[in-house]
Every structure is written in structure tokens, then in C-alpha cells.
Amino acid sequence: MAGAPGFAVPRWLRVIGIPGVGLLLVLGFITRGFPYQRLGEFIEAAVRRETPILLQIRSVEPRLTLGGPGLDARGVRAWGPGDMELELGTLRLQPAWSLSWFRGAPAIHTHLAGPLGEAEGTVTLNGSGAWVGRLRRIDLATLPLWEVWPGMALEGSADASIDLRLGESGPEGTIAFEARDGSVKIPGIPVAVPFDQLIGDLVLGGQAIATVNSIELRGPLLSGELTGTVGHARQFESAPLSLRIVLQTPAASRHLLESAGMRVSREGSTRVRITGTIANPRVQ
């Protein structure tokens, strides 16, 4: 008895179908079988090991993009030295288009959006780690500046360009920022001083923790420029300060500086030196 004729699978179906089934299995593992919560715990542990920051991630979920598989880390919060606490929101990660992959340095595109504002850039994992990107619409009122300078407070919105890498003694690189339509509360001055622009140019690392090339304030009541350095120390609170401030104010606002014990010239200008340490600044 002749056997029943077999069903011949077309070649095009074998060529497309078998890899397609494999791809579906891989995608199924990515979306349903991968232990993403373990990955979140791994990220938290890595940050805790390499930095003084305690990171908490509520959940990690997969996300497919044109650039490849990605991750959404939701409910990201961070705690730093002292009482610093930041709610960062959602962090998105996916492979970045970069030639660094061919040098054995993976590049990851990052996008963070939350109450603080928005940050987007590229992390390059080249042994020490580096991040290049931009901050947009940062809410200055949410920054824990009181940890660096008690009594200091800012309001307004800022954008920044950042190019940082992790060196042997901490972060190294450059930060350039511009804030608009806000105010600054300076210790010793009884009222918050409004500004139209606050422009900064800083260098981290090298001979100091931070070198302030210029932080320039432009406002209707007060204008000025801050320059100087924050030196190296074993503990951040003990970092020595060597800062200089030049301030200019119209005659109608001279009382703002005089109320802080500053001597103001007839032209409405004054010069201030800040020495001491982060924890104990001295104004001269």
C-alpha cells in the first residue's frame, strides 16, 4: 500500500519561519521570563558599591525599541550624604549607537524623567564609566543645596550640558548650565534675590574637587560673579573653600548687602571672600 504523500514545506517558509520562531521565543523570554527584579537589585548594589549614593528601584520592565531591547526602571529614588533625598522618576535604558562598542566599551542611552526634571545622554562603560548628555527643565527648588551650603536655596528652571567620567578621586569633567527667571536665597541676606539669568561654568576633578570658572548672576536687584575652587579632602564636609564674589547693586538695593554686614562702595559694588570648609564657611 503506497504511503500517503508527505506535505512539502516551501523553502521560503523554512528560511523565514524557523528564525522567526526562534525570535519569538527570545522575545517571549525577554518579556516574560527574564528576572528583571533581580536586575534592578544588581543595579542598586552596583551603585551602592561604587558611589556614596543609595539607590532604590521599585520595578524594572522590558521595552522593545528600534535600537534593540530596552529597560524601564520605574520609581527610582536616591539617598545621598546627610539628609539628601531625591525622587528621580523613570529611567529608560537601551543600547546606544556608538563606535565605542567596537573598542569593547558598551554604550547605553539613558533617559530620566521625573519631578526633578529631565536628563538624557549616553553612558559609556569603559572601566571607569562616563556620562555625556543634557539636563532640561531642572526644577532648582528640588535640589538639596542646603547640604552643601546651609541657608542656600534656589528657585527657577535650568538646562545644563554635562561631560563627566568617574576618576580615581571622584567625578571629573565639565558642567555648563543656565537658569532663568528664578531667585536665590543667600545666607545673611534677609530676602530671596530674583534673577533673570544664572550662568555657570564648572570643572570637576584635577587639582580640586571643583573649579568654578564662573557663576554669573544677572538680576534687577543684584548682579555678580563667583569664581574659585573647592579643594580636595578625605571627607566632603572638610573640603577647603577658596571662593571670590564680586557683587553690584543699584543704589535702591544697597540695603540688601549692607544688612549682611558687607561694605558697599559708592558705585554699589562689593567684594567678598569665602574661605573655611564646606561644613564651616567663613565670609570675609
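Every read-out reported here was derived from the displayed coordinates using simple, explicitly stated rules and does not represent laboratory data. Not measured: the values here are computed from a predicted model. Every residue, glycine among them, receives a Cβ derived from its backbone with ideal geometry; neighbour counts consider all protein chains shown.
Residue 200: net charge of surrounding residues, Cβ under 13 Å, Lys/Arg +1, Asp/Glu -1, itself excluded?
Summing Lys/Arg as +1 and Asp/Glu as -1 gives -3.
Just the number, please: Stokes-Einstein D of the stretch 209-260 in µm²/s, Kirkwood Rh from C-alpha pairs, 20 °C, 1.002 mPa s.
Stokes-Einstein gives a translational diffusion coefficient of 169 µm²/s.
Give the long-range amide H neighbours of residue 96: residues separated by 5 or more places, or on another chain, with amide H under 5 Å away, using H modelled in the peptide plane at 1.01 Å from N.
107, 108, 109
Across the stretch 256-273, in residue order, what do the Karplus-derived ³J(HN,Hα) couplings come to in whole Hz, using 6.51 cos²θ - 1.76 cosθ + 1.60 with θ = phi - 60° and x for Gly and Pro?
Going residue by residue, I get 4, 7, 5, 5, 8, x, 8, 8, 10, 6, 4, 7, x, 10, 8, 10, 10, 10 Hz, with x marking Gly and Pro.
Quick check: residue separation of residue 260 and residue 197 times 0.36 nm, minus the Cα distance between them. What number comes out in nm? Could the numbers behind the result be given before it?
Working: separation 63, 0.36 × 63 = 22.68 nm, distance 2.27 nm.
The span from residue 260 to residue 197 would gain 20.4 nm if fully extended.
Once fully extended, how much extra length lies between residue 251 and residue 178, figured as 0.36 nm per residue of separation less the alpha-carbon to alpha-carbon distance?
Length gained between residue 251 and residue 178: 23.6 nm.
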